[in-house]
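For reference, the structure is listed below as structure tokens.
The values are calculated or read from the model by the stated rules, or taken from the named source; none is laboratory data. No experiment lies behind these values; they were computed from the predicted model shown. Every residue, glycine as well, gets a Cβ built from its backbone with ideal geometry; the counts of neighbours run over all protein chains shown. With ligands, DNA and RNA removed, areas are computed over all heavy atoms of the protein, side chains included. Shrake-Rupley method; radii C 1.70, N 1.55, O 1.52, S 1.80 Å.
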Amino acid sequence: MQPFSHRPVVFLKENTMSYHITIDGEHFNCPKGQTVLIAMRTLGVDCLPVGCCAGGCGVCKVIVLEGDYATKVMSRAKVSIEDEAKGIALACRILPESDLTICRVKD
Amino acid sequence: MRKGVIRPGHIQLRVMDMEEALKHYRDLIGLIEVNRDDKGRVYLKGWTEVDKYSLVLVESDTPGLDFIGFKVLNDDVLNGLKNDLIEYGCEVSEFPAGELDSCGRRVSFVAPSGHTFELFADKEQTGKWGLADINPDPWPLNLTGMKAERFDHCLLMGPNVPATQALFEQVLGFGLSEQVVAPDNTVVAAFMSCSLKAHDIAFVDCPDPGKLHHVSFLLETWQDLLKAADLLTMTETTKDVGPTRHGLTSGQTIYFFDPSGNRNEVFCGGDYYYPDHPPVTWKAEDLGKAIFYHELYIHPTYLEVLT
Ligand code: FES
Ligand SMILES: [Fe+2]
């Protein structure tokens, strides 16, 4: 467990199924059904920029190195079909289906 | 000098999911859905608008701005401006009447900022929504959400702000109401008006052409803005900034995002502009104060989050 000294105190709802997310060495839990970016923001973790939270602006672009996930619709101007096949996605659209290891992608 | 462009007329926006977009623009912002066409486009308006519609939504895999249309006085003005645009060196094309529902022919051109604009002289006027023509009530029953009054303006981002400003001033007759000036005196943001409003369109410098920063809808009062912010939380809509006040135009504002990531604003109040007013100037070094007068700083993604 990491110290919460510089973070808001946040309690996960009890009995919420959650996945362990690692982004560039930072860790947090993402409740099932929540997107990675919203979980990160709710917990006060600051490892990705937060923009539109709607798959349009592309500032939260990442590559998923390990794990299973689904995505909600993402702007094709930000993630091409080829990118998507390589595991590139927008964190605000990623719904984890297992623990995930993720790296930020800067355009 | 005014050239017969009288006001913003419409904006066509791309959204990734039409039904989600309608929950947002119709049910949350409170625009009125007036029509759908055989291309799948949905037409909406603010209740105070006299025209049949002002917002056109079209489904796409890439969100953002298709075009903004300005209404001109009449057909002679439209023809004159078309020639002036061609003479000025713009590439101009034309859409026939009816291509956009209930709208006359449209003259289209691309500004040096990379944004597509169009001019039109005719669109069906169905009157203010829910109000009688004679002895009208001040507002109609059965409005929803934020009860937005009208589509008001856009802020667009792209290169060549000075050249875009020159085109809007010299050919279209807009005035520069407010500007942000860099230490070397280049204009990095131009707020422009074709009316008495503080701005009908604004341009801010960025390397990527044709970007939408926000599309803005008018609310009546500061209290309406607070309630709009409540609605954003109630509907789990992503808020960007506010409620707060702008330095530029001194309007009161909230920024938030539609479900495709297009930034919206609802605002009220602010300055006015007569064509003889000199521009209000803000220094680029004080951009924090210019944009967010209370916060005094711009959060890092404000000028990067674009569609
Ligand atoms: S925050 Fe805009 S795409 Fe993720
Ligand atoms: Fe605005």
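Comparison of B:P8, B:P63 shows that the only residue that is under 17 Å from the mean Cα position of the chain (by Cα) and within 14 Å of another protein chain (Cβ to nearest Cβ) is B:P63.
Before we move on, is B:G242 open to solvent by 10 Å² or more (accessible area, probe 1.4 Å), small (G, A, S) and not in a helix (DSSP H, G or I)? So B:G242 passes the test. Assessment of the range A:27-46 against the conditions (part of a loop (DSSP other than H, G, I, E, B) and within 9 Å of ligand 1 (Cβ to nearest atom)) yields at least one matching residue. Considering (1) open to solvent by less than 20 Å² (accessible area, probe 1.4 Å); (2) outside any strand (DSSP E or B), the lone condition that B:S177 does not fulfil carries the number (2). If the condition is being near ligand 2 (Cβ under 10 Å from one of its atoms), open to solvent by less than 10 Å² (accessible area, probe 1.4 Å) and in a loop (DSSP other than H, G, I, E, B), then the range B:245-270 contributes only B:G251.
Filtering the range A:52-77 to residues that are open to solvent by 10 Å² or more (accessible area, probe 1.4 Å), farther than 14 Å from B:T301 by Cβ and in a loop (DSSP other than H, G, I, E, B) leaves A:G67, A:D68, A:K72, A:V73, A:M74, A:R76, A:A77. Note on the range B:154-184: residues that are touching a helix residue (DSSP H, G or I) at 6+ places or on another chain (Cβ under 6 Å) and of a type in the set (G, A, S) amount to 1.
Would it be correct to say that A:K106 is within 11 Å of chain B (Cβ to nearest Cβ), of a type in the set (D, E, K, R) and either over 17 Å from A:S18 (Cβ atoms) or not in a strand (DSSP E or B) (or both)? Spelling it out, it is not the case that A:K106 is within 11 Å of chain B (Cβ to nearest Cβ), of a type in the set (D, E, K, R) and either over 17 Å from A:S18 (Cβ atoms) or not in a strand (DSSP E or B) (or both). Looking at the structure I just gave you, is B:L232 open to solvent by 20 Å² or more (accessible area, probe 1.4 Å) and outside any loop (DSSP other than H, G, I, E, B)? Taking the combined requirement at face value, the residue does not satisfy it. Scanning the range B:278-307 for residues that are of a type in the set (D, E), assigned to a loop (DSSP other than H, G, I, E, B) and away from chain A (no Cβ under 14 Å) yields one hit, B:E295. Within the range A:39-57, residues that are on the phi < 0 side of the Ramachandran plot sit with their Cβ atoms under 9 Å from residues that are among the polar types (S, T, N, Q) and away from ligand 1 (no atom under 13 Å from the Cβ), at 6+ positions apart or across chains, in these pairs: A:A39/A:S18; A:A39/A:N29; A:T42/A:Q34; A:L43/A:N29.
Only a single criterion out of (1) surrounded by 22 or more Cβ atoms within 10 Å (Cβ to Cβ); (2) closer than 23 Å to B:F267 by Cβ; (3) among the hydrophobic types (A, V, I, L, M, F, W, C) is not satisfied by B:L119, namely (2).
Starting from residues that are closer than 18 Å to A:K32 by Cβ and open to solvent by 10 Å² or more (accessible area, probe 1.4 Å), keep the ones in the range A:78-95 and report whichever is nearest to the other protein chains (Cβ to nearest Cβ). Working first, answer last.
Let us first name the residues in the range A:78-95 that are closer than 18 Å to A:K32 by Cβ, namely A:89, A:91-95.
Applying the additional criterion that residues be open to solvent by 10 Å² or more (accessible area, probe 1.4 Å) yields A:93, A:95.
Values: A:R93: 10, A:L95: 15 Å.
Checking each candidate, the answer is A:R93.
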